[in-house]
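Chemist: Before I ask anything, let me first share the structure, which is written out below as structure tokens.
The values are calculated or read from the model by the stated rules, or taken from the named source; none is laboratory data. The shown structure was predicted, so the numbers you read here are calculated from the model rather than taken from an experiment. Cβ placement follows ideal geometry from the backbone for every residue including glycine, while neighbour counts extend to all protein chains displayed. Keep in mind that these areas ignore ligands, DNA and RNA; they rest on the heavy atoms of the full protein, side chains included. Shrake-Rupley method; radii C 1.70, N 1.55, O 1.52, S 1.80 Å.
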Amino acid sequence: MDPILSVENVTKTYTNGFQALKPVNLSIRKGEIFALLGPNGAGKTTLISIICGLTNRSSGTVRVAGHDIGTEFRAARAAIGLVPQELTADAFETVWATVSFSRGLFGKPRNDAHIEKVLRDLSLWDKRDSKIMTLSGGMKRRVLIAKALSHEPRLLFLDEPTAGVDVELRRDMWRVVQSLRESGVTILLTTHYIEEAQEMADRIGVIRSGEIILVEDKATLMQKLGRKQLIIELQEPLDAIPAALAPFELTLSADGTALTYAYATGGERTGITALLSGLEAAGIRLHDIRTHQSTLEDIFIDLVRSRP
Ligand SMILES: Nc1ncnc2c1ncn2[C@@H]1O[C@H](COP(=O)(O)OP(=O)(O)O)[C@@H](O)[C@H]1O
Ligand SMILES: [Mg+2]
């Protein structure tokens, strides 16, 4: 199946010479919720702005629903809805007016039934005649989503949808996103909250310093979380792992003083007993043993911090 979004070797150097994106490659599948997770300044908004045509890329190609954003911009842009990071709304307009006006901006003919559906899906129908300025923060965010959905996009970008939002509103937003996906919209959201990516996404991409350093199914990431490491400190350093221990797929620390064994916590057999016998048979003497279980947070912090 063709991806709904494909980003190939996209780079961005701002006019001040700062390279905000190294070559980025990313492919988004129809119907998924993809979370782009990264710390502030990683390049999330830059990437989204390029895909949506608000910022020029320095090189590379972007295709949305098969349309090249360079040569078929209008068709590509029409397939996209964007909920920007910065909240902006016309305070004096009513909910209905602002959302139906947005649709018109894309040259789409008036369709009151669609606007009604969007407002109902976002629990905004009762507020349709209210002026934006009278709404709560959470409702204003919903209005921005409604605007982004007004022209029936197939791919919705939510740039930090819950930054600075309290916990209750965040959960509310998560429910909204899930129900949008059920209605058939593909969603790419950015976040710097690990919990958010874990809660909502089907796949997670980690971006750091303008580089996507990992893309993985959430299930696979969670499986990694279900793995533990047994760290065996040795009395004397090893130059290499003895061949007889190869089946355990151990890793040796750089200084040769520790072996690490990874095992699944859910499995019936951990293999630890066999490993310990193997170590004894190989004449390796142990100094200490400890276990470590990584969390998504560890994986993220490792990826973000420890890379050059
Ligand atoms: N117009 C600009 N000119 C120069 N640098 C910019 C500009 N916009 C953003 N940057 C820089 O690019 C980097 C990525 O920014 P951004 O894409 O907003 O990150 P994120 O959304 O992940 O927080 C940051 O270091 C930011 O300071
Ligand atoms: Mg941003």
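One line per residue, one yes/no per condition, for (1) surrounded by fewer than 13 Cβ atoms within 10 Å (Cβ to Cβ); (2) not assigned by TED's automatic domain parsing to the domain that holds LEU47:
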{"site": "GLU168", "(1), (2)": "yes, no"}
{"site": "ILE212", "(1), (2)": "no, no"}
{"site": "ILE231", "(1), (2)": "no, yes"}
{"site": "LEU238", "(1), (2)": "no, yes"}
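Chemist: Follow-up question, since we're still on this one. Is it fair to say GLY107 is within 16 Å of ligand 2 (Cβ to nearest atom), open to solvent by 40 Å² or more (accessible area, probe 1.4 Å) and at positive phi? Before you say what the answer is, go through the steps one by one.
Modeler: Details: within 16 Å of ligand 2 (Cβ to nearest atom): no; open to solvent by 40 Å² or more (accessible area, probe 1.4 Å): yes; at positive phi: yes.
Against the criterion (within 16 Å of ligand 2 (Cβ to nearest atom), open to solvent by 40 Å² or more (accessible area, probe 1.4 Å) and at positive phi), GLY107 does not qualify.
Chemist: Kindly provide the set of residues from the range 144-176 that are in a helix (DSSP H, G or I) and more than 25 Å from ARG110 (Cα to Cα), ordered by number.
Modeler: Selection gives VAL167, GLU168, LEU169, ARG170, ARG171, ASP172, MET173, TRP174, ARG175.
Chemist: Further question: Scan the range 45-74 for residues that are hydrophobic (A, V, I, L, M, F, W, C), away from ligand 1 (no atom under 16 Å from the Cβ) and not in a helix (DSSP H, G or I) and jot them down.
Modeler: Within the range 45-74, VAL64, ALA65, ILE69 qualify.
Chemist: Residue check: is ILE28 in contact with a Phe, Trp or Tyr (Cβ under 6 Å, 6 or more places away or on another chain), within 13 Å of ligand 2 (Cβ to nearest atom), open to solvent by less than 50 Å² (accessible area, probe 1.4 Å) and in contact (Cβ under 8 Å) with a residue 60 or more places away in the chain?
Modeler: It is false that ILE28 is in contact with a Phe, Trp or Tyr (Cβ under 6 Å, 6 or more places away or on another chain), within 13 Å of ligand 2 (Cβ to nearest atom), open to solvent by less than 50 Å² (accessible area, probe 1.4 Å) and in contact (Cβ under 8 Å) with a residue 60 or more places away in the chain.
Chemist: Report every pair of residues separated by at least 6 positions or lying on different chains whose Cβ atoms are under 7 Å apart, first residue within the range 73-95 and in the same structural domain as ARG63 (by TED's automatic domain parsing) and among the charged types (D, E, K, R), second modelled with pLDDT of 85 or more and outside any loop (DSSP other than H, G, I, E, B).
Modeler: ASP90/THR98; ASP90/ILE132; GLU93/LYS131; GLU93/ILE132
Chemist: Tell me, please, whether a residue that is in contact with a helix residue (DSSP H, G or I) (Cβ under 9 Å, 6 or more places away or on another chain), assigned to a loop (DSSP other than H, G, I, E, B), among the acidic types (Asp, Glu) and surrounded by 14 or more Cβ atoms within 10 Å (Cβ to Cβ) can be found in the range 81-95.
Modeler: yes
Chemist: In addition: May I ask you to list pairs of residues, at least six apart or on different chains, whose Cβ atoms are under 7 Å apart, with the first in the range 141-164 being farther than 17 Å from GLN178 by Cβ and the second being in a strand (DSSP E or B) and open to solvent by 10 Å² or more (accessible area, probe 1.4 Å)?
Modeler: LEU144/VAL83; ASP159/VAL83
Chemist: Taking LYS12 as meeting all but one of (1) outside any strand (DSSP E or B); (2) in contact with a Leu (Cβ under 8 Å, 6 or more places away or on another chain), write down the number of the exception.
Modeler: Result: LYS12 fails condition (1) only.
Chemist: While we're looking at this one, here's another question. For the range 170-191, what are the residues that are hydroxyl-bearing (Ser, Thr, Tyr) and open to solvent by 10 Å² or more (accessible area, probe 1.4 Å)?
Modeler: Hits for the range 170-191 are SER179, SER183.
Chemist: I would also like to ask the following. So, of the residues in the range 31-43 that are surrounded by fewer than 23 Cβ atoms within 10 Å (Cβ to Cβ) and within 15 Å of ligand 2 (Cβ to nearest atom), which turns out to be nearest to GLU196 (Cα to Cα)?
Modeler: Filtering the range 31-43 for residues that are surrounded by fewer than 23 Cβ atoms within 10 Å (Cβ to Cβ) and within 15 Å of ligand 2 (Cβ to nearest atom), the one nearest to GLU196 (Cα to Cα) comes out as PRO39.
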